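The values are calculated or read from the model by the stated rules, or taken from the named source; none is laboratory data. A quick note: this is a predicted structure, and the numbers were derived from the prediction, not measured. With ideal geometry, Cβ positions are generated from the backbone for all residues, glycine too; neighbour counts draw on all protein chains shown.
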Amino acid sequence: MENQKEVIVGKVCEIYAKISKLENLNPSNHVNELFTQLVTTCTTHCELDVTLLSQEVKETIAKLIKLCGKAEGLLESHYSAIIGSHENPLNHIKSFPYYSNYLKLSHLEFTMLTSHCTQVPSQLAFIGSGPLPLTSIMLATFYMKNTCFHNYDMDPSANAKAYDLVSSDPDLSKRMFFHTTDIAHVSNALKEYNVVFLAALVGMDKKGKESVINHLAKHMAPGAVLVLRSAHGARAFLYPVVDPSDLKGFEVLSVFHPTDEVINSVIVARKHSVNPGILLSSKCHELAAEGFNTLNHRNVIDELSLTIDEHA
Ligand SMILES: C[S@@+](CC[C@H](N)C(=O)[O-])C[C@H]1O[C@@H](n2cnc3c(N)ncnc32)[C@H](O)[C@@H]1O
């Protein structure tokens, strides 16, 4: 076990050394090959706790996560431009190489979400939607056919590309909205959403993630649900980890760590009401009227494993 851990860490550091020497991270055969090697290494070995690694390795991980985030942004941007150049972009969305991963991840997130909310949300925010907002598109197309999606990204070019993908679609163009701003500058608008999704790459380190989570805890409506992405085991070489205990101001409802090709763990949490037992604020009344089940806080990991296996 100890030996296996050393082998994985050695391999990841070796790949990091190669990636960090690249002139740029734009998609190319060589860049794709290195990231594929990295993802394969990290998804085939689950039993590894990165918090126990040396400070030196932790510093390498922090740098690697930033490079992965940059490469992911460039890959999504590249494919978004290609897909958006077609007359009906959404007919070509499956050409994105990680389409099936997103399909599984959005199904997982929807399953987890609906085990805590008996009614589909009317207004949903997705923070860090990027140039290829696949999760919003999939949720809107397959699972939440009447929900309005408010996509937030601080990069205007990401939003412009994302808008081009849905603007010609008669349904999604009416339900997808794009807001160009750093989420740290959004306060009152956050109260309007029954559900908020937080992308893995918003808050790239512990401090950054903590600051976004604290901001959401301060401004989301009491009783609203937060769905956020984390990483577990060796997958923590690729994405920032959110420890459920870091979710101050929220009640953690469920946590799921995938073991298949899906990389991100998913955490579902509910923003505390003023008094969790009694629905005091008008927003809580509104949520209760919409059928949000505030009393049902059971852990659904086992059931989820079953549901997901059934759909695998
Ligand atoms: C590569 S993308 C897409 C999301 C990715 N597929 C995921 O699940 O994390 C991440 C996006 O988050 C945006 N972003 C990062 N920090 C943000 C913040 N504080 N406010 C708004 N957008 C942010 C970036 O501009 C970038 O386009």
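The table below gives the values:
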item: Residue within region 42-49 that is touching an Asp or Glu at 6+ places or on another chain (Cβ under 9 Å), surrounded by fewer than 19 Cβ atoms within 10 Å (Cβ to Cβ) and more than 21 Å from residue 231 (Cβ to Cβ) present; result: no
item: Unmet requirement for residue 248, which otherwise passes all of (1) more than 13 Å from the ligand (Cβ to nearest atom); (2) surrounded by fewer than 22 Cβ atoms within 10 Å (Cβ to Cβ); (3) more than 23 Å from residue 49 (Cα to Cα); (4) more than 18 Å from the chain's Cα centre (by Cα); result: (3)
item: Of all residues making up region 105-135, the number that are within 13 Å of the ligand (Cβ to nearest atom) and of a type outside the set (A, V, I, L, M); result: 9
item: Qualifying positions in region 217-244 - more than 27 Å from residue 39 (Cα to Cα) and either of a type in the set (S, T, N, Q) or under 15 Å from the mean Cα position of the chain (by Cα) (or both); result: 225
item: Residue match in region 170-192 (condition: among the basic types (Lys, Arg), within 16 Å of the ligand (Cβ to nearest atom) and at pLDDT 95 or above); result: no
item: Filter result for the condition that a residue is of a type in the set (Val, Ile, Thr), surrounded by 20 or more Cβ atoms within 10 Å (Cβ to Cβ), closer than 19 Å to residue 247 by Cα and touching a Pro at 6+ places or on another chain (Cβ under 6 Å), over 195, 202; result: 195
item: Selection count, region 77-125, where residues are closer than 13 Å to residue 165 by Cα, assigned to a helix (DSSP H, G or I) and touching a residue at least 60 places away in the same chain (Cβ under 8 Å); result: 8
item: Residue ID - surrounded by the most Cβ atoms within 10 Å (Cβ to Cβ), chosen from residues in region 158-174 that are within 20 Å of the chain's Cα centre (by Cα) and not aliphatic (A, V, I, L, M); result: 161
item: Among the residues listed as 83, 61, 65, the single one being within 18 Å of residue 173 (Cβ to Cβ) and either β-branched (Val, Ile, Thr) or within 11 Å of the ligand (Cβ to nearest atom) (or both); result: 83
